[in-house]
Structures are given as C-alpha cells and as structure tokens.
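A.B. asks: Sharing a structure below in structure tokens format, with a few things to ask.
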Amino acid sequence: LCLIVALVGTVVFRGSLPRLSGEVALSGLVHPVKIDRDEIGVPDILARNRQDAALALGYLHGQDRFFQMDLQRRMAAGELSALLGDSQVESDRDNRRHRFRIRAAQVLGQMNEEERIILDSYTAGVNAGLDDLKVRPFEYLALKQKPEPWRADDSVLILYSMFLDLSYSTAATE
C-alpha cells in the first residue's frame, strides 16, 4: 500500500512540473521563439519582438511560478483567505483598504495600445503555461483548490505586492 501511494504521489507530482524540453505551439506567436535553459534550468528567451517574448515569458512563469504569483496577487488584493482560509482574514482586511484591485484596473485603462498588447500577450502566456501542465501545481493539490486564470490586472497587483513587501512593512521602523 505504501509503495502504491508513493508511486501515485510521484506520478502526480511529476505531472505538475514544468516542461523543460520539446516544442510547444503557442497560440498568438507572430514568429517562432527559442527558449534555452542552462545547466541549472535558468531559461534564456530568444524572440524577434517584445510581444512574442512576453508570451514566452508568461508561459514560463505559468509553468514555473504560478502558485507564488497567485499568492502575491491575492495578498495585494486582500484575497488570500479565499485560498488559504480564515487565518488570512485579518491580513486581507488590512490590504483591502488600499483598493489595489481597483487601482490596477485604473492602470490598465491608462496603458497605451502597445503596452496593453505586451501585457495581454504575457497574460495569455501565463494561462497557456498553466494549462499545459498535466496536473495543477502541487500546492493546489495540497490545498484542495483549483488555480484561477491569470488576468491582466493581476500583473499590476504583483507590483503592489512588491510595494507592500519592500516598503510598507518596514515603514514603522524606518
């Protein structure tokens, strides 16, 4: 029984790991993109234009870092408790007072067309990378949750999350 559980666990865990080789047909690419990984797995993206590079980068992030990105967007928006439970309600209340999700929508409304095309390409890439995994990231399996698709405003929320992490939390001591 232990062997079967270990085997099933290994298969499920491996299914949530990112694709490291092979070819992927990404919808939305204008030109082919080449992604090389060095000996420790760090990717190098070679693209002819920013739109294709953003799509490929989003794909890599969706495969490699989706859970971490999800935590950051939820933290900034005050939505961690929806994923992690009641222990995060107080933190959510504190972060919601900043109204970062509303502010993120305002930022999107002020973007020029070129910026929005790049951001939409990145967003499509994140969702394509997540969808290409055989099994949702293992953190979601452990939490018995399903990941929610990435939205353009989520990328702006990441910037607000960085603000909270890097400056706001130390304001009282500084």
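The values are calculated or read from the model by the stated rules, or taken from the named source; none is laboratory data. The structure displayed is predicted, hence computed values, not measured ones. Reconstructed Cβ throughout: ideal geometry from the backbone, glycine too, with neighbour counts over all protein chains shown. Areas reflect the complete protein model, heavy atoms only, side chains present, ligands, DNA and RNA absent. Shrake-Rupley method; radii C 1.70, N 1.55, O 1.52, S 1.80 Å.
A.B. asks: Calculate the all-directions average of the projected area of the range 17-158's alpha-carbon convex hull, and give it in nm².
C.D. replies: Values: hull surface 37.1 nm².
Taking the Cα atoms of the range 17-158, their convex hull projects to 9.3 nm² on average.
A.B. asks: Quick one: if you stick a label point 7 Å off each Cα along the C-beta vector at Leu159 and Ser21, how many nm between them?
C.D. replies: Reported label-point gap for Leu159 and Ser21 is 3.9 nm.
A.B. asks: Over the chain, what is the mean sequence separation of C-alpha contacts under 8 Å (at least six apart), divided by residue count, expressed as relative contact order in percent?
C.D. replies: About 30 percent, as a whole number.
A.B. asks: With a 10 Å radius around each residue's Cβ, average the other Cβ atoms per peptide and rank 126-133, 92-99, 157-164, highest first. It would help to have the intermediate numbers written out before the result.
C.D. replies: Values: 126-133: 20.0, 92-99: 14.2, 157-164: 17.5.
Result, highest mean Cβ count within 10 Å first: 126-133, 157-164, 92-99.
A.B. asks: How large is the helix-only mean residue ellipticity at 222 nm for the chain, computed as the sum of -39500 (n - 2.57) over DSSP H runs with n ≥ 4, divided by its residue count, in deg cm²/dmol to the nearest 500? Could the numbers behind the result be given before it?
C.D. replies: Values: 9 runs with 105 residues, N = 174.
Computed mean residue ellipticity for the chain: -18500 deg cm²/dmol.
A.B. asks: Probe radius 1.4 Å, ligands and nucleic acids ignored: give me the carbon and sulfur share of the accessible area of the range 47-170 as a rounded percent. List each step's numbers first, then the result.
C.D. replies: Working: 3530 of 6740 Å².
Summing carbon and sulfur atoms, their accessible area is 52 percent of the total for the range 47-170.
A.B. asks: When you count, for each residue, the other Cβ atoms within 10 Å and take the mean per peptide, how do 137-147, 73-83 rank with the highest first? If you can, show how the numbers build up before the last one.
C.D. replies: Numbers: 137-147: 14.3, 73-83: 20.6.
Ranked by mean Cβ neighbours within 10 Å, highest first: 73-83, 137-147.
A.B. asks: What ranking of Asp52, Asp44 comes out by heavy-atom accessible area, probe 1.4 Å, highest first? List each step's numbers first, then the result.
C.D. replies: Values: Asp52 0, Asp44 100 Å².
Result of the area sort, largest leading: Asp44, Asp52.
A.B. asks: So with the 1.4 Å probe, I'd like the accessible area per residue for the range 1-154, rounded to whole Å². It would help to have the intermediate numbers written out before the result.
C.D. replies: Values: 9740 Å² over 154 residues.
The answer is 63 Å² per residue.
A.B. asks: Right, next: Read phi for every residue in the range 155-167 and hand back ³J(HN,Hα) as whole Hz from Karplus 6.51 cos²θ - 1.76 cosθ + 1.60, θ = phi - 60°, with x for Gly and Pro.
C.D. replies: Karplus-based 3J(HN,Hα) across the range 155-167 equals 5, 5, 4, 4, 5, 5, 4, 5, 4, 4, 5, 9, 10 Hz.
A.B. asks: At 0.36 nm per residue, and after removing the present C-alpha to C-alpha distance, how many nm does the segment from Arg116 to Arg50 gain when stretched out fully?
C.D. replies: 22.6 nm
A.B. asks: Tell me, in nm to one decimal, what length is gained between Val30 and Val89 on full extension, where the rule is 0.36 nm per residue of separation less the Cα-Cα distance? Could the numbers behind the result be given before it?
C.D. replies: Values: separation 59, 0.36 × 59 = 21.24 nm, distance 4.35 nm.
Residue separation times 0.36 nm, minus the Cα-Cα distance, leaves 16.9 nm.
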